[in-house]
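For reference, the structure is listed below as C-alpha cells.
Bear in mind these aren't lab numbers, they're just calculated from the coordinates by the rules spelled out. All values derive from a computational prediction rather than experimental measurement. Note that each Cβ is placed from the backbone with ideal geometry, even for glycine, and that neighbours are counted across all protein chains shown.
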Amino acid sequence: EIASLAPIAFEAYKKEDKVAKELVSRLVSEMALDIRTVVDKTGLTYEEFEIGLVGGIFKEETVLKLLSEKIKPVIPKAKLVLPKMKPALAAAIMAKETPI
C-alpha cells in the first residue's frame with residue numbers, strides 16, 4: 001500500500017512540496033547508506049563496478065539523479081544501471097543454464 005503512494009509523493013516533490021522533498025531525501029539517503037554499507041564490506045570503494053537497481057522506484061528519474069549525486073563522492077567509480085530485462089526472466093534464464 002505504501003508503494004502505491006510513491007507517484008503522489010514524487011508529484012508533490014516536483015511541485016516543491018516541503019514534506020515530499022524531505023521524504024524523497026530520506027529515501028535516497030537510506031538507499032545510499034545501504035549501497036555504501038555493502039561497498040565498504042566488500043572493499044569495492046575504489047573499484048569500477050555496476051550497481052544494479054531493481055524495483056519500480058527506479059522508474060522515477062528524480063531517484064536516479066539524487067542517488068547518483070549521493071554516491072558519486074564516496075564511491076567514485078560505481079555506475080548505477082537499470083536491468084536490461086525483468087528480474088523474473090533473468091531468474092528463468094539462470095535456472096535453465098544451471099545444471100541439476
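What to note about this one:
- Helix 18-42 axis, angle to the chain major axis (alpha carbon atoms, nearest 10°): 30
- Here the extension length gained between D17 and Y46 equals 6.8 nm, from 0.36 nm per residue of separation less the Cα-Cα distance.
- Euclidean distance between Cα centres, region 39-100 to region 1-20, Å: 24
- Lysines whose Cα lies under 16 Å from that of K79, excluding same-chain neighbours fewer than 8 positions away: K65, K70
- Given the alternatives (i) 1.27; (ii) 1.12; (iii) 1.08, Cα Rg over 2.2 N^0.38 Å as computed for this entry is given by (i).
- Cα gyration tensor, region 46-100 - rounded (a/c under 1.5), prolate or oblate: oblate
- In this rough spin-label picture, where each label sits 7 Å from Cα along the Cβ direction, the K65-I93 distance is 3.1 nm.
- The trypsin sites (Lys or Arg not before Pro) found in the chain that occupy coil by DSSP, while having at most 14 further C-beta atoms within 10 Å, are K15, K77, K84.
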